[in-house]
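**Q** Got a structure here, written out as structure tokens. Questions coming.
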Amino acid sequence: MSPGTLFLAARPGPGGRAGILGAPLDLTESCRAGTRAAAQRIRALSHSIETYSPVLDLDLEDLDLADWGDVDLAGRSMDAALAAIEAAFAAVLSHGFGLLLGGEHTVALAGFRAVRRHYPDAALIQLDAHLDIRQQYEGEAICHATWVNRVGEEFGFGNVVQLGIRSGTREEFGRARRDCLLTSFDLDLPEPIREQLAGRPIYLSLDIDVLDPGTAPGTGCPEPGGATFRELLRALYALRGLRVVGADICEVLPDTDPADVTAVAAAKIARELLLMFAR
């Protein structure tokens, strides 16, 4: 693990009732690279917000929060990088709730694999502008545009819920609508799907481009028509009561983030996820 600025109110890992792990994976970005710098930037911007959430009436100061640093991915191939992230995140999860800070969205494949080590019946909720369910993209079978396909192949598409989706190929939409538990343009989780997920361990994967580019411009593949920050928080708060055991926040791109508005949005989302789901 590499040293650096700790997330707000966190102590150095290992351990912790909740743990943060940076995954600076940046190997297959097809539009704009640079997400390897996101985890450290989100940590830095976390110190511009308060530890207390007035909506949740909870405070990070009261949470045993450990920051495990970043996984060292220098010189690693995609397979080796994902294996390293999976092993490190599995260690975080062995202590409690885990939050991954990407990195490109392929990070989520490693995150879900790690969750499945501890929780074999875990489901995936993906908040994203893009389906990411291609079988291959630009010659790559594993990349930021295909990771959901690999999740489905390894663990079953019936365990995948996709929310906030507004971009993909015709083929992707056909496969997603046919095979996934749910693929929806909306952010809200329908009650029948919520009932199916009740009691199951859940991994929540959040691509920052689920937000509209006007709200979160600092991302590699911005897609117009997304949620406002308040709409996204409302959807996240509505997930309270579900058994979310791990999560990620991916695709923040500091180089295209004026005034760090995307990084600070990610930091606030991270705070709320930690306070909602760490037990």
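The values are calculated or read from the model by the stated rules, or taken from the named source; none is laboratory data. Only a predicted model underlies this, so the values are computations on that prediction, with no experimental measurement involved. Cβ atoms come from the backbone with ideal geometry, glycine included; neighbour counts cover every protein chain shown.
**Q** State the number of residues belonging to the range 119-144 that are touching a Gly at 6+ places or on another chain (Cβ under 9 Å), within 27 Å of ALA227 (Cβ to Cβ) and not in a strand (DSSP E or B).
**A** Here the count works out to 8.
**Q** Looking at the structure I just gave you, is VAL148 outside any loop (DSSP other than H, G, I, E, B) and of a type outside the set (Asp, Glu)?
**A** The answer is yes for VAL148.
**Q** If you scan the range 85-107, which residues turn out to be over 23 Å from TYR137 (Cα atoms) and in contact with a Leu (Cβ under 8 Å, 6 or more places away or on another chain)?
**A** Selection gives ALA88, PHE89, VAL92, PHE97, GLY98, LEU99, LEU100, LEU101.
**Q** Sticking with this one: Taking ARG43, is it farther than 26 Å from GLN136 by Cα and among the charged types (D, E, K, R)?
**A** It is true that ARG43 is farther than 26 Å from GLN136 by Cα and among the charged types (D, E, K, R).
**Q** What tally of residues in the range 229-279 results from selecting those that are surrounded by fewer than 18 Cβ atoms within 10 Å (Cβ to Cβ) and part of a loop (DSSP other than H, G, I, E, B)?
**A** 3
**Q** Any residue at all in the range 31-41 that's surrounded by 17 or more Cβ atoms within 10 Å (Cβ to Cβ), in contact (Cβ under 8 Å) with a residue 40 or more places away in the chain and charged (D, E, K, R)?
**A** yes
**Q** Now for a different question. Condition (residue is at pLDDT below 95 and either closer than 22 Å to LEU27 by Cα or surrounded by fewer than 13 Cβ atoms within 10 Å (Cβ to Cβ) (or both)) applied to the range 147-159: is it met by at least one residue?
**A** Within the range 147-159, not a single residue is at pLDDT below 95 and either closer than 22 Å to LEU27 by Cα or surrounded by fewer than 13 Cβ atoms within 10 Å (Cβ to Cβ) (or both).
**Q** The conditions are (1) part of a strand (DSSP E or B); (2) surrounded by fewer than 23 Cβ atoms within 10 Å (Cβ to Cβ), and LEU206 fails exactly one of them. Which is it?
**A** All conditions are met except number (2).
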